[in-house]
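Visitor: So that we are looking at the same thing, I have put the structure below in structure tokens.
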Amino acid sequence: MAKKRPAGPLEMRLWGDPALREPCSPVALIDDTLRRLALDMIETMYNANGVGLAAPQVGRHERLCVIDVPQDAEKEEYAEANAAIPMPLVLFNPEILSREGTQTDEEGCLSFPSIHAPVTRANTVSFTFLDAQGTRRTYTAHGLLARAVQHELEHLDGGVFIDNIADRTAIAPKLAKLEAKTKRRLGID
Ligand code: NI
């Protein structure tokens, strides 16, 4: 999920890049190399003013994503409940255990600069993952944080947020332009 243009230390993969469609594999051992990758992903996410980033967005295929939803960005009614979840989150092999309710809101993605569209998702999710130390954590998130968890985990299966949008008419021209530009740069068609 995103607000602005991406910037290092890792190169952001944009819509049209096949890396975004490749499903990720579970991580067997969380070592220093993967911890370094997670830190670089956090820095890349912050530099781009994003609240989440998944491995395929930087051309990697480990089941790994990072999330940091600032408390002041959260809907007031959920800020307190979500505050129990420490940020930034480093999620290895994350899984959603349960979903409850629905919410519809504008969504974006660092791989889709300046493209936003309303997406309906569960309002509350319980999820489990291994943190950077390999310790299992299980939390329940609401509102924007719940949205971020669903958005980032979708990336790990080769999904992107626009897959949830039945009518893409409004964003179709921007999508086509971005895809063409990316493919031209990568030399693919
Ligand atoms: Ni995204």
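Visitor: Find, to one decimal place in angstroms, the Kirkwood hydrodynamic radius of the chain, where the mean of 1/r is taken over every pair of different Cα atoms and then inverted. Walk me through the numbers on the way to the answer.
Guide: Working: mean 1/r = 0.0601 Å⁻¹.
It is 16.6 Å.
Visitor: Do you know the relative contact order of the chain, to the nearest whole percent, from alpha carbon pairs under 8 angstrom that are 6+ apart? Spell out each step's value before the answer.
Guide: Details: 392 pairs, mean separation 51.9, N = 189.
Worked out over the chain, it gives 27 percent.
Visitor: While we're on this one: Hey, what number do you get for the chain at 222 nm if only DSSP H runs of n ≥ 4 count, each worth -39500 (n - 2.57), divided across all residues, to the nearest 500? Display every interim value, and only then the final one.
Guide: Details: 4 runs with 52 residues, N = 189.
So the calculated ellipticity at 222 nm is -8500 deg cm²/dmol.
Visitor: Here's a follow-up. Can you compute the label reach from LEU29? Point 7 Å from Cα along the Cβ direction, backbone N cut-off under 20 Å, restricted to the range 123-139.
Guide: Hits in the range 123-139 for LEU29 at 20 Å: 130-136.
Visitor: Where both partners of a DSSP beta bridge lie in the chain, what percent of those bridges are antiparallel, to the nearest 5?
Guide: Numbers: 25 of 26 bridges.
The antiparallel fraction comes to roughly 95 percent.
Visitor: Between ASP163 and GLU76, what is the spin-label point distance in nm, taking each point 7 Å from the Cα along the Cα→C-beta axis?
Guide: Here the modelled spin labels are 3.6 nm apart.
Visitor: May I pose another question? Please report, as a whole percent, how much of the solvent-accessible surface of the chain comes from carbon and sulfur atoms (probe radius 1.4 Å).
Guide: Looking at the chain in its full context, I get 50 percent from C and S.
Visitor: Next up: Once fully extended, how much extra length lies between ALA84 and LEU39, figured as 0.36 nm per residue of separation less the alpha-carbon to alpha-carbon distance? Show your work: numbers first, answer last.
Guide: Working: separation 45, 0.36 × 45 = 16.20 nm, distance 2.16 nm.
Once the chain is fully extended between ALA84 and LEU39, it gains 14.0 nm.
Visitor: Which one of ILE67, LEU175, ILE165 is farthest out on the positive end of the charge dipole of the chain, using unit charges on Cβ (Lys, Arg +1; Asp, Glu -1) and the Cα centre as origin?
Guide: LEU175
Visitor: Where the eigenvalues come from the Cα gyration tensor of the range 54-130, what are the semi-axes √(5λ) of the equivalent ellipsoid, largest first, in whole Å? Please list the in-between numbers first.
Guide: Working: eigenvalues 83, 66, 37 Å².
The equivalent ellipsoid of the range 54-130 has semi-axes of 20, 18, 14 Å.
Visitor: Quote the charge dipole size of the range 122-182 about the Cα centre in Debye, to the nearest 20; the model charges only the Cβ of Lys and Arg (+1) and of Asp and Glu (-1).
Guide: Details: 7 positive and 7 negative charges, 37 e Å.
For this selection, approximately 180 debye.
Visitor: Given a Förster distance of 25 angstrom, what is the FRET efficiency for THR135 paired with TYR46, based on the Cβ-Cβ distance and rounded to 0.05? Could the numbers behind the result be given before it?
Guide: Details: r = 23 Å, r/R0 = 0.94.
After rounding, the FRET efficiency stands at 0.60.
Visitor: Taking 8 Å as the Cα distance limit and 6 or more residues as the minimum spacing, I'd like the relative contact order of the range 115-189 as a percentage. Don't skip to the answer; put the middle values down first.
Guide: Working: 52 pairs, mean separation 22.4, N = 75.
Computed over the range 115-189, the figure is 30 percent.
The values are calculated or read from the model by the stated rules, or taken from the named source; none is laboratory data. A quick note: this is a predicted structure, and the numbers were derived from the prediction, not measured. Quick reminder, even Gly has a Cβ in these numbers, built from the backbone with ideal geometry, and neighbours come from all protein chains shown. Accessible surface areas use protein heavy atoms only, side chains included; no ligands, DNA or RNA. Shrake-Rupley method; radii C 1.70, N 1.55, O 1.52, S 1.80 Å.
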